[in-house]
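First the structure, in the form of structure tokens, and then the observations on it.
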Amino acid sequence: MKVGSNEIVRNIDKYCIDILGYPGLLLMENAALKVLRHISQEDGRYYTVICGRGNNGGDGLAIARHLKALGKKVDVFQIGNGRMSEDCKKNYELLLKLGIKVKSISNIDDLSMLKDSLIESDTAIDAIFGTGISRTLDELYISCIAVVNENSKNIIAVDVPSGMDSDNGNIMGDCIKANKTITFTLYKKGFLNYKAKKYTGEVHIEEIGIPKEIVDIYHDKEYIISPRDIKAIIPNREIAGHKGSYGRVLIIAGSRGFTGAAYLSGRACVMSGAGLITVACPREIQDVLSSKLAEAMTYGFSSPQELKAMIEANEVIAIGPGLGNNETTLEVLKLVMNKKEGTVIIDADGINVLAENKFILKGYSGLRVIMTPHPGEMARLSGLSTDYINENRIKVAKKFAKDNNVVLLLKGYNTVITDGIEVYVNPTGSSAMASGGMGDSLTGMIAAFAAQGLGDLKCACLGAYAHGYAGDRLSEERYSVNAESLIEELPYAIKALQGLL
């Protein structure tokens, strides 16, 4: 599922119309027909269609025409006083020729007609604005949107809920609160903003006849992970496989008071299929950890140098959960980054010690590095505010990954995974999982998938998706999901993903 910006959508449309000679009306007609596919008997027999004067409004006018042809009762409103786009005007004139009246909303007083229609109708169709909004709306439009939201039983938005900046999800004064949004060609980047969900409702993507090859010319290699993607990369368990077949992992984690982080990382690694796992921790907590971890080995250390042989003996190293933001963690990380080859997953305190020591990321060679910060850790790494990071998740993650030659997994709503070139957004997981230890378990999962031979970008994507999917399965019957329960669910969730589609 491809993600795109307003500029990309505009360039694709321009290429189709100006270079290929697609009639704009053809794209508009295709859009209208695809919206109709999502209008069911439950949406009723009486519709209010609210249109703007641009191409999104033209889509709405075409939808109104088709609803009328299906025998539905339809009230059509057009808001504003400016010029209509050429294709919008053609659809407007076609409606008039068919005897379908279009009521004009040119001032606040006209909104009473709209309110009466919305109260009586079953469903409102929002076709006021498309992808081009980037400024605060005028009072008339804000008032119109408020009337629609307050008086509609059900709202279907065409392409983008009117009032939303489709690039960042910001609300430009007010915004339609749709039950369902039918968007075209690309999932709009603004929908990834955690605030956007309450305005978009269910999002459905429809193709409107633009060839994939044309989309790929302009697309920035930004995707939402799908079940099909995940099924394709889950490692197979060979019939003659043994523990040596599924990799060796060293997890360096834990400290006094934080044995749980080390335990959860190790246990998640076991339950995600790694062959041989060792959890290295400060010697003072080794006995506690050994009593909890039955299937993984433990190794206690008193100084960073004691870890050198262990680091060299394992192809996958995870470092950071519960280890402490201190000089010892920094020295251990330096040893790990001197490793000649393999995969390193840096999480939690491994990330925290990098905030003042980012030079470490410039000196390694041969390693594949995955970093898994949450927005607060990303703020310390980048010097940016958490608010800015949350509003520009793809941009921030992509730049950091490219500048530092790492795979970055930026946690949070719609987790972003990127190597600086390709971007994958994870759609699974929910606030039911908002509890301590979730990040520790994710680190163990990613390490396990890396040990089973997946490349760094793939193991990060699989880890994020399976982690959220396991949580989603549990949250169907549970108010909240804790990390230990999620870990127990992992083998079943991963097996279920293998059987999807």
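The values are calculated or read from the model by the stated rules, or taken from the named source; none is laboratory data. Just so we're clear, the structure is a prediction, and the values are computed from it rather than from any experiment. Every residue, glycine among them, receives a Cβ derived from its backbone with ideal geometry; neighbour counts consider all protein chains shown.
When C144 is tested against (1) in a helix (DSSP H, G or I); (2) surrounded by fewer than 23 Cβ atoms within 10 Å (Cβ to Cβ), just one condition goes unmet, and that condition is (2). When segment 191-208 is filtered for residues that are touching a helix residue (DSSP H, G or I) at 6+ places or on another chain (Cβ under 8 Å) and surrounded by fewer than 15 Cβ atoms within 10 Å (Cβ to Cβ), the ones remaining, listed by number, are Y194, E207. Here N170 meets the list (1) buried (at least 22 other Cβ atoms within 10 Å of the Cβ); (2) modelled with pLDDT under 95 almost entirely, failing just condition (1).
If the condition is being among the charged types (D, E, K, R) and surrounded by fewer than 22 Cβ atoms within 10 Å (Cβ to Cβ), then segment 38-76 contributes E42, D43, R45, R53, R65, K68, K72, K73.
Between I487, I394, I421, I446, the distinction of being assigned to a helix (DSSP H, G or I), surrounded by fewer than 23 Cβ atoms within 10 Å (Cβ to Cβ) and either in contact with a Ser or Thr (Cβ under 7 Å, 6 or more places away or on another chain) or in the same structural domain as V316 (by TED's automatic domain parsing) (or both) belongs to I394 only. Looking only at residues of segment 51-71 that are in contact with a Gly (Cβ under 7 Å, 6 or more places away or on another chain) and outside any helix (DSSP H, G or I), we find that the one that is farthest from K101 (Cα to Cα) is G54.
Every residue, every condition in (1) surrounded by 17 or more Cβ atoms within 10 Å (Cβ to Cβ); (2) under 17 Å from the mean Cα position of the chain (by Cα); (3) on the phi < 0 side of the Ramachandran plot; (4) not assigned by TED's automatic domain parsing to the domain that holds G420, yes or no:
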| site | (1), (2), (3), (4) |
| --- | --- |
| D116 | no, no, yes, yes |
| A157 | yes, no, yes, yes |
| C175 | yes, no, yes, yes |
| K189 | yes, yes, yes, yes |
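Look through D347, D387 and report the one residue that is modelled with pLDDT under 95 and either under 21 Å from V425 (Cβ atoms) or not assigned by TED's automatic domain parsing to the domain that holds K458 (or both). D387 is the lone residue from the list that is modelled with pLDDT under 95 and either under 21 Å from V425 (Cβ atoms) or not assigned by TED's automatic domain parsing to the domain that holds K458 (or both). For Y469, the requirement of being surrounded by 18 or more Cβ atoms within 10 Å (Cβ to Cβ) and either closer than 29 Å to T278 by Cα or modelled with pLDDT of 95 or more (or both) is met. Out of all the residues in segment 27-42, is one or more closer than 17 Å to H219 by Cβ and hydrophobic (A, V, I, L, M, F, W, C)? Scanning segment 27-42 turns up no residue that is closer than 17 Å to H219 by Cβ and hydrophobic (A, V, I, L, M, F, W, C). Picking from residues in segment 78-92 that are among the polar types (S, T, N, Q) and assigned to a loop (DSSP other than H, G, I, E, B), the one that is surrounded by the most Cβ atoms within 10 Å (Cβ to Cβ) is S85. Sub-9 Å Cβ pairs linking a first residue in segment 8-21 that is over 18 Å from Y187 (Cα atoms) to a second residue that is buried (at least 21 other Cβ atoms within 10 Å of the Cβ), at least 6 apart or interchain, are C16/L27; I17/L27, ordered by first then second residue.
Applying the set (1) under 32 Å from the mean Cα position of the chain (by Cα); (2) without any contact (Cβ under 8 Å) to a residue 12 or more places away in the chain to L96 leaves exactly one unmet item: (1). Give me the residue from segment 1-41 that is assigned to a loop (DSSP other than H, G, I, E, B) and over 30 Å from N392 (Cβ atoms) and, out of that set, modelled with the lowest pLDDT. Among those that are assigned to a loop (DSSP other than H, G, I, E, B) and over 30 Å from N392 (Cβ atoms), it is S40. What about D456, is it out of contact with any Phe, Trp or Tyr (no Cβ under 9 Å at 6 or more places or on another chain), within 22 Å of A401 (Cα to Cα), among the acidic types (D, E) and in the same structural domain as I251 (by TED's automatic domain parsing)? Yes; evaluated as a whole, the condition is true for this residue.
Only one entry of G376, G412, G300 meets the criterion of being surrounded by fewer than 20 Cβ atoms within 10 Å (Cβ to Cβ) and touching a Cys at 6+ places or on another chain (Cβ under 7 Å), and that entry is G300. Here I182, I205, I210 are screened, and the one residue that is in contact (Cβ under 8 Å) with a residue 24 or more places away in the chain, of a type in the set (V, I, T) and not in a strand (DSSP E or B) is I210.
Filter segment 99-114 down to residues that are part of a helix (DSSP H, G or I) and more than 39 Å from the chain's Cα centre (by Cα) and give me whichever is surrounded by the fewest Cβ atoms within 10 Å (Cβ to Cβ). Among those residues, the one meeting the criterion is D109. The set of residues from segment 30-57 being free of Cβ contacts under 8 Å to residues at least 40 places away in the same chain and over 30 Å from the mean Cα position of the chain (by Cα) comprises Q41, R53.
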